[in-house]
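Right, one structure below, let's go through it.
The values are calculated or read from the model by the stated rules, or taken from the named source; none is laboratory data. Please read all numbers here as calculations on a predicted model, not as lab measurements. We place every Cβ from the backbone using ideal geometry, glycine too, and count neighbours over all the protein chains shown. Please note that ligands, DNA and RNA were not included when accessible areas were found on the heavy atoms of the full protein model with its side chains. Shrake-Rupley method; radii C 1.70, N 1.55, O 1.52, S 1.80 Å.
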Amino acid sequence: MPEEDAFPTRAEAGRLISRPPDSRISGGASDSAKLRDLSRLFPAIERRPVVHTQGGTFRRSAGRLDRLRRRLPVMLEEETAYGHGFLFLPVIVGAGAASWFALQQSPAFWPYFLVFCVSTTVVIVSRYRSGTTHLLPLGLTLFLGGMMLAQFETWRRSTVILDSPVTTELAGVVERKEVDAQGRWRYIVRIERTSNPEVGRPPQRVSLLARARHDPAQTGDTISGRVRISPPSGPALPALNDFAFSSYFDGIGAVGFFYGAPKKQAAAPSARGWSAEIESQLFDLRSAIATRIRETVPGDAGAFAAAIVTDERRAISQETTEALRVSGLAHIVAISGLNMALAAGIFFVGVRTVLSVFTGFAQAYPVKKLAAVGALMMATAYYLISGFGVSAERAYIMMAIMLVAVLFDRPSISLRNVALSALVIIAMSPSEILGPSFQMSFAATAALVAGYALWKHRAEGRDPEPLPLRHPMVTPVLASWNFAAGIFVTSLIGGISTAMFSVEHFHRIATYGLAANLAAMPVISFVVMPAGLVGMLLMPFGLDAPFMKLMGLGLEAVIAIAKHVAAWGGDVGIGRQHPWFLTVSTAGFLLLALLRTRLRLIGLPLMVTALLLSWHQRTAPPPDILVSEDGTMVALVSGEMVATNRIRPPDFIYDQWKRALLLSDPTKPEISPFRDKPPDGKPAGAKTDERRELTSEQIEATKARIRQVPTGRFTCEPRAWCAASTGKGIVIAVDDSRYAGAACDTAYLVIAPRARLDRCRSGALMINGVTLRKTGALEISFNGATDVRRWQVRAAMAGEDRPWSRHRHYDWRSRGFDKSLPEPLRQLINDTGG
């Protein structure tokens, strides 16, 4: 084994690493040996007899730590010499943006901006210094730069989000439209006016579903009608996805539907700019292309094909969408890096092959660069008809950077290009870093590029294939084997690298996704995308039908594969993760993927720590009560049993509860035999202009019925109340606010969305609709006590005061913002930590 002084010193390491590769090779045997030693994290340690004494063991450990301390700067310099420091620029900038968005309160901008300016000045002054002393101010500058970018995007969007649900007359201009599988049209409408009642704080844009059959409006048309609009949904439970965040940065302030068919109105002359006019024409072209594809290829295959080409995905049936999700093939539907890479790659190879046939032309002109220019133009056209979706924008930027690298004779497939793409996207839309689409896309791309670099590095050191493997009879078999192995390894790397993000955001993992991708990707690569590309090139001439039908046949095979694999039942629920799971696992993944020395092994303990955090979260007891953000659905959780106050729980909410907490199907409530006698004493369905107050007899009778409710299941009197016993007390969900007083006298927890009072004189905890608007969904744990002061309450939105959540505090009566909560609930939330 080499002695300790055989390893290069720090000065020698810097000298050797800074040499060009050619000079390193010709530097002599001594330098070559030292360079080989640089790739090791720990030097070879002499195998000395272990001294089983406290002093000897201590001296040996101290020696190892000393060697590690001396090798660490060497490995850092090697990472820097290979330019791997650049790979962490988007990581640090993205971390700054994510930290800014994660803050509960909107921070003051100018103090952060001042610190950013000071740190930037320090970086400029110390830019020529050697060593690692300048890394701290550089990292701080990048981190603060990400925070500044996040604030700039928040200011740039400034979306007004509707404060509360309302039914009103609305008129506006259609900006986008899309049809779903049932033939219903969804419009993105820019509001021009509201009336009856007039909305005091209207959003700029709303997403409206027209269920009635009608002639679809065109982009730029003015439509009107009676609508029901609501704010975008908040988190279904604490730590789940906040849909209002994405809606804010998408510019959508409300969602809703038309009562009946929307009416077209004569459009007033609008002073739209040339950019808005071009965008409108592009959306019309996109809609026309999607319609033509669906007419040429009927059924889900046609809707699938239209989604791949134009990103209009709503026309795919729910059954097929679910099968694609469970089988792990849902990524094919979106215009992502896979689709863009296949389209641009096929076009690039095709153009280069055709031009290479003309030998004189190929020798006179750079055929590879001409093919790259053609592929870039094709990718640009693909992006323009994609609807400018987030995934399409990201895929286009990545592909454009790789193709531009070809024009400058730079490697197109490299981690540096991936980092540059991420940096551009974060600079343009910092909010995208919090979405699963961004995270999964770049994780898969970085892992695949790192795996490709590792395979290429190992292949360079191997001997050429032996003569028998180069025989003409063996070459096709070997090529087929390499292709199958490539798909297997690619799918495996992609699946493993995105698993942690799937677990974090969707609380599930597709266990048979590898098998589905192995079967489907050859069809996508050799049938679907080539046929679709040729069909789109021939569509202006009306010759696209044969190729689109071939594309449809390929997609029918993909759908069949998805349904077959989905029938295996590989959709495994993982549950909601620990708050630090994603941060720790992402840090470990990035170290493993982006570093080249043994420093990357630091990522392994981080990944193990993330797994331990996930296991710890699984062992935590579930809450006893779940309350939706509007208070209309309450669930009682007892062991493996779940009881709700709704006969048909809303799928949108309960599916999220089920995945996050790994719940079973709910137990339906028992309907009270008094359901045929409404509280007003009138037949069911009869109309009344005002409701009479309850008599004392009715109140006492209600209390008696509530006290008799069974344990573990809700008993409901329709349009009045639902109650359930937990064994130690009663929980009541009140639909009719007149029963709130009786509920307070008989229960220790009252959820009354329509009640005006926000606290009970009896000491019971009262939660009304105004409170729930501010807190969002609630999780309540009783801790085995009926004393309210010993409970734990977690709120999804309590303490949040950001532009995308501020609408929750708006009071349309006072036209002001009020963040206050009832004191009993506020104290419980503060004691629990929110």
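Some observations on this one:
- Bins of 5 Å from zero: percent of alpha-carbon pairs in the range 234-352: 2, 8, 10, 12, 20, 20, 13, 8, 5, 2, 0, 0
- Restricting the chymotrypsin sites (Phe, Trp or Tyr not before Pro) of the range 127-215 to loop positions (DSSP other than H, G, I, E, B) with no more than 16 neighbouring Cβ atoms within 10 Å leaves TYR128.
- Two-site FRET efficiency, THR291 against LEU518, from Cβ-Cβ distance with R₀ of 30 Å, rounded to 0.05: 0.35
- Two-site FRET efficiency, PHE488 against VAL349, from Cβ-Cβ distance with R₀ of 22 Å, rounded to 0.05: 0.50
- The residues of the range 482-569 expose on average 45 square angstrom of accessible surface per residue, using a 1.4 Å probe on protein heavy atoms.
- One decimal place: the segment GLU169-VAL608 gains 152.5 nm when fully extended, by the rule 0.36 nm per residue minus the C-alpha distance.
- Listed peptides 702-712, 610-620, 296-306 by packing density, highest first (mean Cβ within 10 Å): 296-306, 702-712, 610-620
- Ordering of 203-213, 431-441 by packing is 431-441, 203-213, highest average first (other Cβ atoms within 10 Å, averaged per residue).
- When the listed pairs LYS263/LYS774; LYS177/LYS549; LYS177/LYS563; LYS456/LYS563; LYS177/LYS263; LYS177/LYS774 are checked against a 27 Å cut-off, the alpha-carbon distance exceeds it for LYS263/LYS774; LYS177/LYS563; LYS456/LYS563; LYS177/LYS774.
- Between VAL404 and THR121, the distance separating the two model label sites (each 7 Å from Cα on the Cα→Cβ line) works out to 3.2 nm.
- Karplus-derived 3J(HN,Hα), 6.51/-1.76/1.60, for each residue of the range 795-807, Hz, glycine and proline x: 10, 6, 10, 4, x, 6, 9, 10, x, 7, 10, 5, 4
- Stretch gain in nm, segment ARG129-LEU757, where the contour uses 0.36 nm per residue and the Cα spacing is subtracted: 219.5 nm
- Cysteines without a disulfide-compatible neighbour (Cβ-Cβ under 4.7 Å), the chain: CYS117
- For GLU670, residues with placed amide H under 5 Å, excluding near neighbours: PHE714, THR715, CYS716
- Note on the chain: the C-alpha convex hull projects to 46.5 nm² when averaged across all orientations.
- Local electrostatic count at GLY799 - Lys and Arg +1, Asp and Glu -1, tallied over other residues with Cβ under 11 Å: +2
- Extending 7 Å from Cα along the Cβ direction at GLN104 and again at GLN318 yields two label points whose distance is 3.7 nm.
- Around SER386: net Lys/Arg minus Asp/Glu count, Cβ-Cβ under 9 Å: -1
- Lys, Arg +1 and Asp, Glu -1 on Cβ, resulting dipole of the chain about Cα centre, debye, nearest 20: 980 debye
- Surrounding net charge for GLY200, when Lys and Arg each add one and Asp and Glu each subtract one, Cβ distance under 11 Å: 0
- Segment LYS369..LEU543, full-extension length gain: 59.7 nm, with 0.36 nm per residue of separation and the alpha-carbon distance subtracted.
- Relative packing of 320-333, 532-545, which averages over residues the other C-beta atoms within 10 Å, highest first: 320-333, 532-545
- A Förster distance of 30 Å, applied to the separation of the beta-carbon atoms of ARG186 and SER814, puts the FRET efficiency at 0.30.
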